[in-house]
Structure formats: structure tokens, C-alpha cells
1. Out of the residues in segment 187-229 that are farther than 22 Å from Ser39 by Cα and either modelled with pLDDT under 95 or within 19 Å of the chain's Cα centre (by Cα) (or both), state the one that is surrounded by the fewest Cβ atoms within 10 Å (Cβ to Cβ).
2. Restricting to segment 163-186, give me the number of residues that are aromatic (Phe, Trp, Tyr), surrounded by fewer than 17 Cβ atoms within 10 Å (Cβ to Cβ) and either at pLDDT below 85 or over 15 Å from Arg101 (Cα atoms) (or both).
3. For segment 38-59, state whether one or more residues are aliphatic (A, V, I, L, M), without any contact (Cβ under 8 Å) to a residue 12 or more places away in the chain and surrounded by fewer than 16 Cβ atoms within 10 Å (Cβ to Cβ).
4. Suppose we filter segment 246-271 for residues that are touching a residue at least 12 places away in the same chain (Cβ under 8 Å) and out of contact with any strand residue (DSSP E or B) (no Cβ under 6 Å at 6 or more places or on another chain); how many remain?
5. Working carefully through the options Pro89, Pro81, find the one that is open to solvent by 60 Å² or more (accessible area, probe 1.4 Å), on the phi < 0 side of the Ramachandran plot and either of a type in the set (A, V, I, L, M, F, W, C) or outside any strand (DSSP E or B) (or both).
6. Does Pro179 satisfy the condition of being not in a helix (DSSP H, G or I) and not hydrophobic (A, V, I, L, M, F, W, C)?
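The values are calculated or read from the model by the stated rules, or taken from the named source; none is laboratory data. Values in this document were obtained by computation on a predicted structure and should not be read as measured data. Note: ideal-geometry Cβ built from the backbone for every residue, glycine included; neighbour counts use all protein chains shown. Surface areas here come from the heavy atoms of the whole protein model, side chains and all, with no ligands, DNA or RNA. Shrake-Rupley method; radii C 1.70, N 1.55, O 1.52, S 1.80 Å.
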Amino acid sequence: MKVFADLHIHSHHSSDGEWTVPQIFAEARQAGLEVFSISDHDTVAALEEAFILAGDFPGEYLANVEVSVRHQGMGFHLLAPLVDWHDPPLLDLLARIRLSRVRQNEARVGLLRDLGFDIRYEEVREALGPVAGTGPAIASVVLSKGSNRNHALVRQIPSGSKLSPEIDFYKYFFLPGGPAFAAKETVSLPQAIETVRAAGGVPVLAHPGQKSGVVDERWIRSAKEMGLEGVEAYSSYHTGETCRYYEEIARRLDLVVTSGSDFHGRVKPQVAFGDVPRSPAELVDRLKERRERVVHG
């Protein structure tokens, strides 16, 4: 028996997500999702509305959030299924990450202006509202102007990518070494794991296969020693072989396995809603059992 579970869906509260919370619930119902979570970047702003709508949803809805962290000089994402999303230390951590993102984005926009782009941070803030924008979200605002789309540097972005123009722009300009790269204050993986555990969540490494050649069994074993409890083995980023690879590591290390598409909408057109392999039915049961272990030791 398999279960159709997607614990990694982004709403517009992620800034690079497109859909509203009601749109996500409507699509989840139509798609036949049995269990799902909205897991926005560094915010739980969607969850109050989500739990209201969950009362009429025929399946199960679980609290979650995706926390941006740094480890060994690289960026990773930590999921927190079943977390107490009212927990003050968790909210403080997420607020700190969002503030660092705002400062980074101000610097990014300044660098883009120095490069001759027609963009002001006030425009970004107006377009994104209270959400601390991600790189692709800022790229979307920049590329909304024809003059920016015709910028000489934009024409240098490698063509033929299957990704969206916003993702291509983000990768070219904002990643380390890019012409508009700006560092930001970061949260360490051990700190994020500790905070999630203290808030009753199950710390799960998101889409480990995205860091191909980095996140292997030794890496995951080291993270487990910090308190990691699971890996998102079922992911739209993973081939069937990759899913099985992380499933086997999870089995050997006694970690739970979760399932998530990382759906965003238009900014990631290659990821369809619910684009994730059907998972073992005990996935959610094991996740809840692990939460009890985390909470009660």
C-alpha cells in the first residue's frame, strides 16, 4: 500500500511561491493528496489559515516549515514536520533569518543598481509586501521591466536551461561568485536542529540529492549526531535510484523518510503539484512515532 503524501509545498508566503493557501487546499483535494504540508521558507505565516481550512479537508494536514541553514560553507534546507509553530524560540529564529534576508536583499539590489539595472529596493518591498524575498523573487521584480530583460549581462546568462528565467537570473547573479552576490548572516545546521527539536518538530533534511556528491551516508551520519531525525528521500529532485539510495541510508541509520515535491508554482515550472512518488503508508505513522521520541526522549 502507498500513500500520496507531499510534506513540502510552498505558498505565496515564501515570496518565490505563487499560490495562496486556499488555492493549495483546493488543488490538494482535487489531486487526491492524503497528507500534505505547506512548508514555506523561514515563516509559518500560512499556517493559521491552513489549519482553519484543514477542518474541511478530507485528508490530513501537518504543520511544517523550511528553515534555511549553513553547514560546512554550504546552504541547506531543514524541514520541521509536526513542529509547534507557536513556539517562541522557533519564531525568534525564523525572524532572525528573515531579517538577515532583508539586509542581504538590500545589498543585492544595490549591487544590481551599480551594474546598471533599473531597480530600487522600494519596488522590491512593494511587490513582495511583508515577505522577506528570496533571490528568485527579487529576480522576478527585476525582470518585470523590459529594460532589465535587455541588459547586456542578462543576455550573457547561458541559454537552453529548463529552469525559469527567475531561477536562471538567481543562479547567475546571486550565487557566490556572481556579480550581485551578497553574503548574509546564517543559522548553523546544529542550531536549527536543536531549535526544531525543542519545538517538538522532527528535523528532516530536505531534498538531499540536490547536493549531489555532498550529502552521502557519512554526511548524514554526522548530521544525525547533531540530532537530525529524517531525510526527504522521496523528492521531485530525485530519480528512482536516488530515492532508493536515501531510503537505504535512512534504514541503516534509523532515520525517518519523508516525501515532498518542493512545489512553488511558476518559478519552478519543472515541479508539478504533488510531483512526488507515492510513499509507504507507514511514512506518516513513523513520523509521528519519531516526534514522540523527540518530545519525550
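1. Checked segment 187-229; the qualifying residue surrounded by the fewest Cβ atoms within 10 Å (Cβ to Cβ) is Gly213.
2. Adding up the residues that qualify gives 0.
3. Looking through segment 38-59, at least one residue is aliphatic (A, V, I, L, M), without any contact (Cβ under 8 Å) to a residue 12 or more places away in the chain and surrounded by fewer than 16 Cβ atoms within 10 Å (Cβ to Cβ).
4. Qualifying residue count, segment 246-271: 10.
5. On the way: Pro81 fails: open to solvent by 60 Å² or more (accessible area, probe 1.4 Å).
Within the list Pro89, Pro81, the selection yields Pro89.
6. Details: not in a helix (DSSP H, G or I): yes; not hydrophobic (A, V, I, L, M, F, W, C): yes.
Taking the combined requirement at face value, the residue satisfies it.
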